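The values are calculated or read from the model by the stated rules, or taken from the named source; none is laboratory data. Keep in mind that what you see is a predicted model, and the values were worked out from it rather than measured. Counting neighbours? That spans all protein chains shown, and the Cβs are built from the backbone with ideal geometry, glycine included. The protein model used for the area step is the full one, side chains on, heavy atoms only, and it has no ligands, DNA or RNA in it. Shrake-Rupley method; radii C 1.70, N 1.55, O 1.52, S 1.80 Å.
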Amino acid sequence: MLNPLLITVRESLRYRGRESHWMWLLHRVSGLGIVVFLGLHIFGMSMSAFNPALHERMLEAYKTPLFAVGELVLAALLIFHAVNGTRIAILELRPQLWEKQQVATRWALIITFALAMPTILVMAWKSVSHFVSGQ
Amino acid sequence: MAVTTATSGRTVRYVQPIVQGRSRFERAMWLFMRYSGLALVFLALSHFWLQHLLIGTHAITTAQTVAFWGAQGQPVTVGQLLFRAYYAVMLVLAVGHGINGVRQVAYDYFGHRPAAYKALMGAVVSIAAVISALGILALLLGAQASPEALTR
């Protein structure tokens with residue numbers, strides 16, 4: 001007997017819903033990733049009012065190589081979730097557009113790429129120059 | 001208001017076609033997800049780009065938090081009040097959007113096990129309530145200006 005979690009993951013990947021299904025899956029995964037960071041982030045920032053030393057330590061943790069990579073992932077997840085969420089909201093509020101789902105999916109991916117690529121490149125450049133020069 | 005789709009010829013409701021027949025709470029949540037999401041596109045992306053592109057993660061210090069929020073016991077400027085309002089609106093919308101998203105995922109995988117679903121959501125809502133309360137309280141109080149942060 002397979003573990004239910006394993007079944008969930010396997011069937012989510014196996015289901016042949018093509019683009020719409022993959023977008024649904026990515027939306028779900030990106031949303032869960034963002035919500036974990038959101039909790040950590042609100043807690044860390046609120047500590048500036050209650051425990052400045054802990055607040056400072058959390059800001060310093062964001063400057064480590066691990067978070068420098070995590071920040072790039074967060075940028076991709078956030079931008080994808082924002083663009084794809086806009087696609088979902090527009091399509092669901094406008095049933096006339098339901099004939100154009102595949103066009104909308106393609107545009108969502110193009111816009112995500114166009115926004116995420118420069119963002120990630122600039123952030124990666126800032127991080128690399130920080131670690132190289134030490135500033 | 002209803003529209004007819006071109007190929008299927010079926011008539012569908014113009015608003016909320018997906019949650020028809022669901023409870024009032026589910027319909028309200030469905031609308032909230034759409035409108036909070038659209039607001040968060042602007043709020044969260046502007047916040048992310050300001051902090052990560054214009055300022056940069058490696059330049060963010062506790063002194064910057066004090067400058068954005070204002071220090072406890074010090075007069076608050078109009079700019080700092082606007083920043084606090086921006087963060088407060090974003091916090092409420094993002095936490096609400098996040099809890100409801102997690103609720104939908106939890107329902108999909110644990111909905112057939114009501115005890116597990118309730119325990120999971122109880123934990124999620126409790127943690128979210130504590131973190132949100134800390135965040136809102138911090139925005140009302142302002143940052144603590146630690147001496148070492150100010151002398152940098």
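Of all residues in the stretch A:66-86, those satisfying the criterion of being facing another protein chain (nearest Cβ under 9 Å) and more than 9 Å from the chain's Cα centre (by Cα) are A:Phe67, A:Ala68, A:Glu71, A:Val83, A:Gly85, A:Thr86. Answer with yes or no whether A:Ala82 is at pLDDT 95 or above and either open to solvent by 30 Å² or more (accessible area, probe 1.4 Å) or among the charged types (D, E, K, R) (or both). Answer is no for this residue.
Applying the set (1) within 10 Å of chain B (Cβ to nearest Cβ); (2) open to solvent by 40 Å² or more (accessible area, probe 1.4 Å); (3) in a loop (DSSP other than H, G, I, E, B) to A:Lys63 leaves exactly one unmet item: (2). Within the set A:His41, A:His55, the sole residue that is crowded, with 16+ Cβ neighbours inside 10 Å and over 27 Å from B:Ala39 (Cα atoms) turns out to be A:His55. Summed over the stretch A:104-135, the residues that are surrounded by 13 or more Cβ atoms within 10 Å (Cβ to Cβ) and over 16 Å from A:Leu74 (Cβ atoms) give a count of 10. State which residue is modelled with the lowest pLDDT when the search covers only the stretch A:85-133 and only residues that are under 15 Å from A:His27 (Cβ atoms) and among the β-branched types (Val, Ile, Thr). The selected residue is A:Ile90. Being of a type in the set (A, V, I, L, M), surrounded by fewer than 18 Cβ atoms within 10 Å (Cβ to Cβ), within 8 Å of chain A (Cβ to nearest Cβ) and closer than 21 Å to A:Arg28 by Cα is a description that applies to B:Ile127.
In the stretch B:10-23, of all residues being away from chain A (no Cβ under 11 Å) and open to solvent by 90 Å² or more (accessible area, probe 1.4 Å), the one that is modelled with the lowest pLDDT corresponds to B:Gln20. For the stretch B:24-49, filtered to residues that are of a type in the set (Gly, Ala, Ser) and at the interface with chain A (Cβ under 7 Å from one of its Cβ atoms), the residue that is farthest from B:Tyr87 (Cα to Cα) is B:Gly37. Report whether or not A:Arg28 is in a helix (DSSP H, G or I), loosely packed, with under 14 Cβ neighbours inside 10 Å and free of Cβ contacts under 8 Å to residues at least 60 places away in the same chain. Considered against the rule, which asks whether it is in a helix (DSSP H, G or I), loosely packed, with under 14 Cβ neighbours inside 10 Å and free of Cβ contacts under 8 Å to residues at least 60 places away in the same chain, A:Arg28 comes out as no. Is it the case that A:Leu6 is part of a helix (DSSP H, G or I), surrounded by 14 or more Cβ atoms within 10 Å (Cβ to Cβ) and either modelled with pLDDT under 85 or of a type in the set (A, V, I, L, M) (or both)? For A:Leu6, the condition - part of a helix (DSSP H, G or I), surrounded by 14 or more Cβ atoms within 10 Å (Cβ to Cβ) and either modelled with pLDDT under 85 or of a type in the set (A, V, I, L, M) (or both) - is not met. Let me confirm something: among A:Ile111, A:Ile120, which residue is touching a residue at least 24 places away in the same chain (Cβ under 8 Å) and farther than 21 Å from B:Gln51 by Cβ? Only one candidate passes the filter, namely A:Ile111. Scan the stretch B:18-49 residue by residue and report those that are of a type in the set (Ser, Thr, Tyr) and assigned to a helix (DSSP H, G or I). Within the stretch B:18-49, B:Tyr35, B:Ser36, B:Ser46 qualify.
Restricting the search to the stretch B:108-147, which residues are hydroxyl-bearing (Ser, Thr, Tyr) and at pLDDT 90 or above?
Those that are hydroxyl-bearing (Ser, Thr, Tyr) and at pLDDT 90 or above: B:Tyr117, B:Ser126, B:Ser132.
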